[in-house]
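The values are calculated or read from the model by the stated rules, or taken from the named source; none is laboratory data. Just so we're clear, the structure is a prediction, and the values are computed from it rather than from any experiment. Glycine gets a Cβ as well: all are built from the backbone with ideal geometry, and neighbour counts include every protein chain shown. For accessibility, only protein heavy atoms count, side chains too; no ligands or nucleic acids. Shrake-Rupley method; radii C 1.70, N 1.55, O 1.52, S 1.80 Å.
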Amino acid sequence: MSRKIINALELEPMGRGLVISVVIMLSLAVLPHAQNIRPEIVLLFFAFASWRILDLFVKPDIANRWVLYVFAAIGFSIAAWYYGPPVGRTPGIAFLIIMLGLKLIEIKTRRDIRVVLILGYFTLITHFLFNAKITTVLPMMGLVFGFTWLMIQMGHVGSKPHRLSDIRLAGKMFVQAIPFAIILFFLFPRLAGSVWGLQVGGPSGISGLSDRMSMGSISELIESSETAFLANFKTNAVPRKDERYWRGEVFWQTDGREWKAGRNTNPAAPRLQSRGRTFEYEMDLRSRTKDWLFALDMPTSVPDGARIQDDYTLSRPKTGNSDNRYTLTSSSDYIASTVSPEILTRALQLPDGVSTPRLTNLVNDLRSSSWNDKEYVDSVMQHFNKNNFVYTLKPPLLTSDKPVDEFMFESQRGFCGHYASSFITMMRMANVPARMVIGYLGGEYNPHANQIVVRQSDAHAWAEVWLQDSGWTRVDPTTAIAPDRIENPIDYSSSANDGIVRFDLGSDNLIANLLRESRWLIDSAQLKWQQWFINFDSEKQRQLLTGLGLGNLNLSTVASLGGLLAIGTLVVIAFVLFSAERKAIDPVQSLYYRFCRKMAKKGVHKNPSEGPRDYLNRLIETFPEQATKIRAVIGLYVNLRYGKNDAGSTRQKLRQLSSAINAV
C-alpha cells in the first residue's frame, strides 16, 4: 500500500460511534484523578468531553479553531491559578488533563484518535504516582484493554469498525505482553528506592497526629477510618491487644491548654532493659509529615538512618516515600531507666496559673492519703473511676483560662487527651515527674498476612510517670473511665450521635465473619503486592537474583540477561502463533493455496485481493489448453468453500480437488 493511500486513510473521518467510545474511555481514565487534583480541573475536562459529543450532533461543527483557543485560555488559566508553572507531579498531571481535553475537542480523523489514545495510556500510568494499590491496578488493566481494543479498531477500513472479534485479538495481545512485563520488571536494573518512588500517598483530609496537642484535638481523628500504618510481623509472635501501644511523639511542655515536645538539645543516651517478649516487625506508614517514626512501645532497636531520643522516641529526616518503611524490634515488658536532672526538671515544669485552689486541694488530699508515688498514681486513677467522668467524642468546649480545673470540676466529659493532660498536670503538681505520649492504641490483626492494621481512628494519648523502682511507667488514664478501650476499637457509627463512646465488640454472625475474612484476604494480597511490586528496589532485586543463584551478576549482565529472555520469549510466542495459524487453515484453503503456488511457478501469480473467479479468467487466458482442468479445480474449490456440503460429500470432493490439482 503506497504512502499516499496510507496518509489518506489516516486523515479519513471516523464514525460517530467510535468517537463517542473514545470520549467515554478517556473520561473513565481521567475520573479517578478527581481525588488527586483540583476538582475544577477534572470538571473542565468533562466539559470539553461533553462539548465534543455535542459537536457530533450539531451541523455545522461548533468546535472551530476560535472555540479551541478560548477553551485553551480558560483551561491553562485555571491550572496556573491553582498550581502555577506545570512543574512537579500534581501540576504536571493537571496540565496534561487539560491538554488531553483540548485535544479531545478536535478529534475527527483516524490519526487524531491514535494520538489521544496514546495520551490515554500515559494518563493511566500517572494514577500510580498517587496510588499504587492492587485495587488501582485491576481497573487500570481494564482500561488498558479497552484502549488496546480501540487501537485495533483504527486498523479497519470500512463503515463498520466495531467488530467483536477484535476483543479476542486484544485479549491475545494482552496475554502475550504479560511475560515481557514480568521479565522486564524483575530483571531491569533498579536504582535505590522503589519503582514508584514519586508516589506520596493519596490525599486526605486527615493528616494524622500533629506535633502539638490541645485537649480534645485527638478526637477529630476518630472519625477517619484511613489506615495510619501497617505492622508486618516477621514471626508468629504478635502483641496482645493490651500490648498494642504504638509510640509516636512525647510532649513535655504545656501552657495549660496545649502540649508540645520541647525536646532537650543534648539528650542522654537512652537505657532500656527488656524483661519480656520481643517482636520483630516491619512498619509501613501510609503517610508521614513529621520526622518522628512510630514504634510498638518500647523500641529496642533503631532503624537505619534513625536516632532514638532520651524519651525513647524515634526520628529520621523525611527524604522520600521509601522512608516510610523500616524494620525494628520492640519489647512489651521493660524497664525504661533513662533519667537525669534535666529530664526530671522537664517532667515537672508547669506554667504559672495552671493550678487553682480547688485543684490544689484535690491534689493535696490525694497525695496525703498515699504512702508513695505509686499509691498516688493509683489514687488519681481511682478518682477518675469513682466520680462522674464520661468518655465522650463530643466533649464541651473548655472556655476558661484554667482548662484542667474546668474539666476536673465542671464538664467532666472528655476524650483521651483531656484525661492524659489532667492526669499529668496533677502528677506534676504533686512533684511526680510525668510526660505525655501520643500515638495509637490497638489495631486489627490479620491472621492471613500476620499483620496489624492501625487506623487513624486508633489515635490515642497516654501518660508516663517516673517511679523510683520501675523507671518510666506507662499509665493510661482512659482505662479508669473506659477499660474496654484497651481491648476493643471505638465504634464511631454508634457513638457519633450523642458522643458517648461505645466499642466495637465484634460479631459472630455469618455475614460479619465473611466480610471480615474478605477484608483480611484483600489486605493480605495488598501486602504481597506492596512487598514484591511497589517496594521492589535494587536490594530486593539483588535478593531475588541471589535466590536464583545469580547474585554475582553486575547491572549490565542482568540487563543483558533480561533482554535475551525477552527476545527468547518473543521467539517462542511467534513460533506458537505461527504453528497455531498453520493448524487453523482448513484443508480446502490448503489445497487451494497449493494450486495457486503451482500456477505461480508457471508464471501466473494470484493477486492478494483477487477472487477465485477473476483468477480463473486470467489462468484460462494464459493456459487455454488446460481450461477444462483449471475450471474443475476452481469450481470444486468454490463449491467446497462457499457451498453446502455434508461430511461425506466434503471428503469425496476434497479427494477430487486434490486429484484435479495433480492433473493440471
**Request:** Count, please, the residues in segment 606-624 that happen to be within 20 Å of residue 658 (Cα to Cα) and open to solvent by 60 Å² or more (accessible area, probe 1.4 Å).
**Result:** 2
**Item:** Residue ID - modelled with the lowest pLDDT, chosen from residues in segment 128-149 that are aliphatic (A, V, I, L, M) and part of a helix (DSSP H, G or I)
**Value:** 134
**Complete:** Selection over segment 442-476 where residues are touching a Ser or Thr at 6+ places or on another chain (Cβ under 8 Å) and of a type in the set (Ser, Thr, Tyr) yields a count of 1
**Request:** Check segment 353-361 and report whether any residue there is assigned to a helix (DSSP H, G or I) and within 28 Å of residue 261 (Cβ to Cβ).
**Result:** yes
**Prompt:** Would you say residue 109 is under 23 Å from the mean Cα position of the chain (by Cα) and among the β-branched types (Val, Ile, Thr)?
**Reply:** no
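I'd like the residue in segment 57-103 that is over 35 Å from the mean Cα position of the chain (by Cα) and modelled with pLDDT of 80 or more and, out of all such residues, is nearest to residue 27 (Cα to Cα). Spell out the reasoning first.
Within segment 57-103, the subset over 35 Å from the mean Cα position of the chain (by Cα) is 57-70.
Filter once more, so that each one left must be modelled with pLDDT of 80 or more: 57, 69-70.
Details: 57: 19, 69: 22, 70: 21 Å.
Filtering segment 57-103 for residues that are over 35 Å from the mean Cα position of the chain (by Cα) and modelled with pLDDT of 80 or more, the one nearest to residue 27 (Cα to Cα) comes out as 57.
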**Asked** residue 620 is checked against (1) at pLDDT below 85; (2) part of a helix (DSSP H, G or I); (3) over 30 Å from residue 187 (Cα atoms) and fails just one. What number does that condition carry?
**Response** (1)
**Complete:** All conditions in (1) modelled with pLDDT under 75; (2) of a type in the set (A, V, I, L, M); (3) open to solvent by less than 50 Å² (accessible area, probe 1.4 Å) are true of residue 580 except (3)
**Request:** Answer yes or no as to whether residue 374 is open to solvent by 70 Å² or more (accessible area, probe 1.4 Å) and either within 30 Å of residue 536 (Cβ to Cβ) or part of a strand (DSSP E or B) (or both).
**Result:** no
**Item:** Residue match in segment 75-96 (condition: in a loop (DSSP other than H, G, I, E, B) and buried (at least 19 other Cβ atoms within 10 Å of the Cβ))
**Value:** no
**Message:** Which count do you get for residues in segment 341-371 that are open to solvent by less than 30 Å² (accessible area, probe 1.4 Å) and either in contact with an Asp or Glu (Cβ under 7 Å, 6 or more places away or on another chain) or farther than 28 Å from residue 401 by Cβ (or both)?
**Reply:** 4
**Prompt:** Which of (1) assigned to a strand (DSSP E or B); (2) modelled with pLDDT of 90 or more; (3) touching a Ser or Thr at 6+ places or on another chain (Cβ under 8 Å) does residue 439 not meet, given it meets every other one?
**Reply:** (3)
